[in-house]
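**Student:** I'd like to ask you about the structure that follows.
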Amino acid sequence: MAKQTFTVTCVKRSENGSISHLGNARETHSLATARRNIERGELSYRVGSFLGPEVQVVTQTNGDWYLRSDPDDETCNNLGDLQECP
């Protein structure tokens, strides 16, 4: 079965300004849920459209992790530049 795609068009932020959820007009997913879906191969996350940059889990050497979109020359499709979800 083909992996489904979640199109990310907005984010929710915590009180300190870091991204806490990825969302679109219908729903939001916590970062932990998104990470789990990506690592299990259950769902891919793309920014802006189903053809937009794919979201990846990045694990640092100290074990911390974060999500980021594939780097490119566009700034409008960076997770940090997306509007706040309602």
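**Student:** Residue 20's amide H: which non-local residues (gap 5+, or another chain) put their own amide H closer than 5 Å, with H modeled 1.01 Å from N in plane and none for Pro or chain starts?
**Tutor:** So residue 20 has HN proximity to 12, 13, 14.
**Student:** Whole number please: convex hull volume per residue of the Cα set in segment 4-84, in Å³?
**Tutor:** 100
**Student:** What does a probe at residue 83 reach in segment 50-64, counting residues whose amide N is under 20 Å from the point 7 Å along Cα→Cβ?
**Tutor:** Only 50-53 fall inside the zone, counting backbone N under 20 Å.
**Student:** Which value, in debye to the nearest 20, gives the size of the charge dipole of segment 4-84 about its Cα centre, when Lys and Arg are +1 and Asp and Glu are -1 at the Cβ?
**Tutor:** Approximately 340 debye in magnitude.
Here, each number is a calculation from the coordinates, and none is a lab measurement. The shown structure was predicted, so the numbers you read here are calculated from the model rather than taken from an experiment. Cβ coordinates were reconstructed from backbone atoms using ideal geometry, including for glycine residues, and neighbour counts include every protein chain displayed.
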